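J.: Sharing a structure below in structure tokens format, with a few things to ask.
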Amino acid sequence: MNHALVSAPTIVWLGFAIGAVFGAASQRSGFCTMGAVSDVVNIGDWTRMRMWALAVAVAIVGTGALQALGLFDPAKTIYTGSRLPWLSHLVGGFAFGVGMTLASGCAGKTLIRIGGGNLKSVVVFAFLAIGASMTLRGLSGVWRVTLLDPVALQLPHAQTLPAFLAAGGLDARSALLAATTSAGGGLLAWALASRDVRRAEVLLGGLFVGLAVVAGWYVTGHLGHIGEHPDTLEEVFLATNSGRAESLSFVAPHAYTLELLLLWSDASRKMSFGIASALGVIAGAAAMALATRSFRIESFRDAGDLVRHIAGGLLMGFGGVTALGCTLGQGVSGLSTLALGAALSTLAIVAGATATMKLQYWLMTREP
């Protein structure tokens, strides 16, 4: 009988610590996937995009190392199943990309901006949580389950790159090594190819974000894993909302955080790794903002600004749940498992953000 190496409260506190590291590193380095896309689209600067690629590369290599050492099994996550709901990935990802552009940042950036004193992000947090809750179990959840999720491709094996290589004839260990080396090594080489990336701030930002994702897999997938619970005789991952191994992802945790606050007296509602990591991001970002004297209160310019942020929050909530993750949940954590669905969601997020930025620029040029 396998027992977890630590208790559920310890998993929660470790989640808070991992979130705090992510929040502090992102606040200091300016790590932001939407910002990276904006820099490329609007000014042709690829520095933050390369920092994001560095984070993904570190996450891929670190996650592959955990797998090779037997400390993490990606099959125990939501990302790697043989059923590929490709329409949900594309529609949800595109909606999330549109939403994060309207809301001035993704789900993770919303938490970071709250830590930095941004009141607009408090509103985005609330409406993102509402949109996510509705898509998990509410009205838009019915639409998702009825119209999008049934459109899927059933693969004969897991949807990961190592699984595809293994199906081609490689043994499991060689397939993992080849996939990790090619994907992680390729992204790492591209990320470091520019001299602009070789600055301590950029390097540390990408490094800490990638390692935070790896730490999340280790904490929930190994330390908090019980192969056979003594009471239920079922496999258990302590303090995770999905009942599986989790790493950093911030859409569903927005919803779970709001639900916990609203239903605090309900004994069935408990603090989880996801909720704690989201709160940790706010704390880490706040500490860094105060330490660097960049903390400042910011609010809406006008009613139009408020409407855009509300709409963006709702779209991110819907899109993030539908696509099974956000720019971090799919764009780093999901990609670290080398899952095809994560790649589809990430590309759709970038496409949605790019299209919205282009439209905003076009509308701006037409204003008198």
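The values are calculated or read from the model by the stated rules, or taken from the named source; none is laboratory data. Everything quoted here is computed from the prediction, not taken from an experiment. Cβ sites come from the backbone with ideal geometry, for glycine too, and all protein chains shown count toward neighbours.
J.: Scan region 42-58 and report the pairs whose first residue is on the phi > 0 side of the Ramachandran plot and whose second residue is in a helix (DSSP H, G or I) and surrounded by fewer than 21 Cβ atoms within 10 Å (Cβ to Cβ), with Cβ atoms within less than 8 Å and a gap of 6+ or a chain change.
T.: none
J.: Out of E259, E228, report the one residue that is more than 24 Å from C106 (Cβ to Cβ) and among the acidic types (D, E).
T.: Details: E259 fails: more than 24 Å from C106 (Cβ to Cβ).
The unique qualifying residue is E228.
J.: Kindly check whether there is at least one residue in region 319-330 that is touching a Cys at 6+ places or on another chain (Cβ under 6 Å) and not in a loop (DSSP other than H, G, I, E, B).
T.: Keep residues of region 319-330 that are touching a Cys at 6+ places or on another chain (Cβ under 6 Å), which gives 320, 326-327.
Still in the list and also not in a loop (DSSP other than H, G, I, E, B): 320.
Looking through region 319-330, at least one residue is touching a Cys at 6+ places or on another chain (Cβ under 6 Å) and not in a loop (DSSP other than H, G, I, E, B).
J.: If you don't mind, there's one more thing I want to ask. Specify which of the listed residues (L290, L258, L279) is in a helix (DSSP H, G or I) and either polar (S, T, N, Q) or at pLDDT below 95 (or both).
T.: Values: L290 fails: either polar (S, T, N, Q) or at pLDDT below 95 (or both); L279 fails: either polar (S, T, N, Q) or at pLDDT below 95 (or both).
Criteria check complete, one pass: L258.
J.: Identify all residues within region 289-305 that are touching a residue at least 40 places away in the same chain (Cβ under 8 Å) and either in contact with a Phe, Trp or Tyr (Cβ under 9 Å, 6 or more places away or on another chain) or not hydrophobic (A, V, I, L, M, F, W, C) (or both); write none if there are none. Steps first, answer last, please.
T.: So in region 289-305, the residues touching a residue at least 40 places away in the same chain (Cβ under 8 Å) come out as 289, 292, 294-300, 305.
Answer for region 289-305, where residues must be touching a residue at least 40 places away in the same chain (Cβ under 8 Å) and either in contact with a Phe, Trp or Tyr (Cβ under 9 Å, 6 or more places away or on another chain) or not hydrophobic (A, V, I, L, M, F, W, C) (or both): A289, T292, S294, R296, E298, S299, D305.
J.: Here's a follow-up. Would you check if there is a residue in region 27-36 being closer than 30 Å to V145 by Cβ, of a type in the set (G, A, S) and assigned to a helix (DSSP H, G or I)? Spell out how you get there, then give the answer.
T.: Going through region 27-36, the residues closer than 30 Å to V145 by Cβ turn out to be 33-34.
From what is left, the residues that are of a type in the set (G, A, S) are none.
No, region 27-36 has no match at all.
J.: Here is a follow-up. Residue by residue through region 161-198, note down the ones that are within 29 Å of A36 (Cα to Cα), not in a helix (DSSP H, G or I) and not aliphatic (A, V, I, L, M).
T.: Answer for region 161-198, where residues must be within 29 Å of A36 (Cα to Cα), not in a helix (DSSP H, G or I) and not aliphatic (A, V, I, L, M): S194, R198.
J.: Considering only residues that are surrounded by 16 or more Cβ atoms within 10 Å (Cβ to Cβ), part of a helix (DSSP H, G or I) and over 15 Å from the mean Cα position of the chain (by Cα), which ones fall in region 293-318?
T.: Here is the first cut: in region 293-318, the residues surrounded by 16 or more Cβ atoms within 10 Å (Cβ to Cβ) are 295, 308-318.
Going one step further and asking which of them are part of a helix (DSSP H, G or I), we end up with 308-318.
Across region 293-318, the qualifying residues are R308, H309, I310, A311, G312, G313, L314, L315.
J.: Oh, and also: Quick check on region 47-86: of everything there that is in contact with a strand residue (DSSP E or B) (Cβ under 8 Å, 6 or more places away or on another chain) and assigned to a helix (DSSP H, G or I), which residue is nearest to A343 (Cα to Cα)?
T.: My answer is W86.
J.: So which residues in region 334-362 are of a type in the set (S, T, Y), out of contact with any Pro (no Cβ under 6 Å at 6 or more places or on another chain) and either more than 18 Å from G105 (Cα to Cα) or at pLDDT below 95 (or both)?
T.: Narrowing region 334-362 to residues of a type in the set (S, T, Y): 336-337, 345-346, 354, 356, 361.
In the following step, the residues that additionally are out of contact with any Pro (no Cβ under 6 Å at 6 or more places or on another chain) were identified as 336, 345-346, 354, 356, 361.
If the condition is that a residue be of a type in the set (S, T, Y), out of contact with any Pro (no Cβ under 6 Å at 6 or more places or on another chain) and either more than 18 Å from G105 (Cα to Cα) or at pLDDT below 95 (or both), then S336, Y361 are the ones that fit.
J.: So which helices (runs of 4 or more DSSP H) stay within region 99-154 end to end and still have 2 or more residues that are buried (at least 24 other Cβ atoms within 10 Å of the Cβ)? Even if it seems obvious, please write down each step before you answer.
T.: On the way: elements: 107-115, 119-137, 139-143.
Per the criteria, 107-115, 119-137.
J.: Out of (1) modelled with pLDDT of 95 or more; (2) of a type in the set (A, V, I, L, M); (3) touching a helix residue (DSSP H, G or I) at 6+ places or on another chain (Cβ under 7 Å); (4) part of a helix (DSSP H, G or I), the odd one out for A158 is which?
T.: Result: A158 passes all but (4).
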